[in-house]
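I have placed the structure first, in the form of structure tokens, so that the comments after it can refer back to it.
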């Protein structure tokens, strides 16, 4: 019984082991089934995708050839239309022109400069001498000879340089670059190695393009060779040694290589610059433009130096045999003396005829006509004399400082020190002058004609000391006036009487042109006042820029030409600014034109001139103004006068001592804006 039970246990145990093994095998089969299902799903998806791809992108030979053909056509158009015309290529070509064909400063230029400095030093040595030293003159002449030799070398070297052609070429390059890079702003600072970096980068890029083009050409050549083999193999009219393997071998690779090469070149052609590359190109452009501008300046300097030295050579060569002479001046002076004697004699003759008991009117008229002709001839010779002085002074400045010492009788230094104002040949008795009694309250004024122009002679009583002082102040004013000729009264001449202790200043005659005369007869309108006073402000601006204080600005000394052009009159050159400003004429109506600070003992200044200017402006707009200008309290009050707001603001800034406007600042005020002078 026990054996039976043991056998059953063993059987049950065996069955359990078999069941476990079957269960494990079933699990393994299930896992294999799942893996098979997943693999099937992947194959289905791959099949569907392949089918769809084949449907949308057929891979027939005809389609591949068609796509290749389109790319070949596109690339052919790109190569034909753009062989070498990019901005980068043009910039590289321009850099080559700028760098390789530059014209440097001629080597002879430095030698010319050294010779010029040596020559200038010899002139300075001569200017410092009070007597002519022959050795210094000889040294100067030797230096001049060396300079002329250096000038010849320089001119000959420059003659061989294509300066004008180079300037034209640079202008052309600059214009084309500017048009091509019009959006690029030029900067002052650029990287030092801009050209080198750009050229290196452009060289790499060109090499890359060259390699890509070579690869494309080789790939298309391989495709063309295959097509030739196919054509020969397919021709049944001729025998061929080609086999099907020869035709089919490497077809896919040939087509793929051709497609890749075409795509690469098309992609290279259409690629754009990145930020770093654009910056590199723009830096090279900036440096190219700076190089063009520098060379243009250099070439223009060479050309200007050539012209100056050509003129210098022409001028100096005429004096190689000896220095200039003043004989022509002395000849003119001799004619002046002769004409002056004739004029005096004819005046005496007329005087005798007029005092005779029986007047011979025809003879008197004839003599007066002769006097007029003689006077005109005399004035004409005096004009020639001035031209001779101008020529001699110019020669003295440019290379012959010994002339005043060689010709002391010519008094060249006296003419130069007066800025060309002093005319010693003139005298009072040469003029047929009439006294201007109505305007001669402070000094005699004479009205007459000089060389066809109506002029006024202002007479000043002077001694030797005051004459020198007057001449100095007149010369200062004359130099300042020549810098601003339209806004200040010009001085035509200055001379001293030979038979009286008087000095005469010659100025144009502005008949009834002073502000006082105009306001008395026909007052200016508001718009005319603005125009006239803007011109006066410009005149004061010029005088103040020359460090001159007028100190005599009043309605009798300001003129309105044509009621629109305002000019500042001259002043008493025999007086100091302190003496001029204390004159009783410094009033406009009831308005004192003397600034408050002057009453406190301060010296006249440009600020005090502007106070007088402001007072005149107020008087012109309000002739009957009778108030007080309490500028010390910084609160000038114009209420009740009906002034324009801009005029009110201007007057407030002119009639306050501590914050008074300068002439330049006044011209920027709204009151004067948009006024044409």
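Each value in this text was obtained by applying a stated rule to the coordinates, not by laboratory testing. None of the values given here were measured: they were computed from a predicted structure. Reconstructed Cβ throughout: ideal geometry from the backbone, glycine too, with neighbour counts over all protein chains shown.
So between residue 380 and residue 165, what do we pick up on full extension, going 0.36 nm a residue minus the alpha carbon distance?
Details: separation 215, 0.36 × 215 = 77.40 nm, distance 4.88 nm.
The residue 380-residue 165 span can extend by a further 72.5 nm.
Summarised as an ellipsoid, segment 439-558 has semi-axes of 26, 19, 13 Å, derived from the eigenvalues of the Cα gyration tensor scaled by 5 and square-rooted, with the largest first.
Only Cα pairs under 8 Å and 6+ residues apart enter the sum, and on that basis the relative contact order of segment 327-403 stands at 41 percent. Along its three principal directions, the equivalent ellipsoid of segment 418-509 from the Cα gyration tensor extends over semi-axes of 19, 17, 13 Å, largest first. The Cα-based radius of gyration of segment 327-403, divided by its Kirkwood radius, gives an Rg/Rh of 1.25. The spacing between segment 138-158 and segment 361-397, judged by their C-alpha centroids, is 41 Å.
Would you kindly give the portion of the calculated P(r) for segment 368-424 that falls above 18 Å, as a percent of all Cα pairs? Mind showing how you got there, number by number?
Values: 651 of 1596 pairs.
Pairs farther apart than 18 Å: 41 percent.
Were the residues from residue 370 through residue 301 laid out at 0.36 nm apart, the gain over their Cα-Cα distance would be 19.2 nm. Segment 543-587 and segment 322-345 have Cα centres separated by 37 Å.
Sort 605, 338 so the one with the fewest other Cβ atoms within 10 Å of its own Cβ comes first. If you can, show how the numbers build up before the last one.
Values: 605 17, 338 13.
Ranked by crowding around the Cβ, least crowded first: 338, 605.
For residue 235 and residue 70, what is the calculated FRET efficiency with R₀ set at 22 Å and r taken between the beta-carbons, to the nearest 0.05?
Working: r = 28 Å, r/R0 = 1.26.
Once rounded, the FRET efficiency stands at 0.20.
Could you give the length gained by full extension between residue 348 and residue 28, i.e. 0.36 nm per residue of separation minus their alpha carbon distance, to one decimal place? Don't skip to the end; give the middle numbers.
Numbers: separation 320, 0.36 × 320 = 115.20 nm, distance 15.81 nm.
Answer, rounded to one decimal: 99.4 nm.
Mean separation of Cα pairs under 8 Å and 6 or more residues apart, divided by the residue count, gives segment 351-444 a relative contact order of 18 percent. Taking label points 7 Å from Cα along the Cα-to-Cβ direction, residue 669 and residue 308 give a separation of 4.4 nm.
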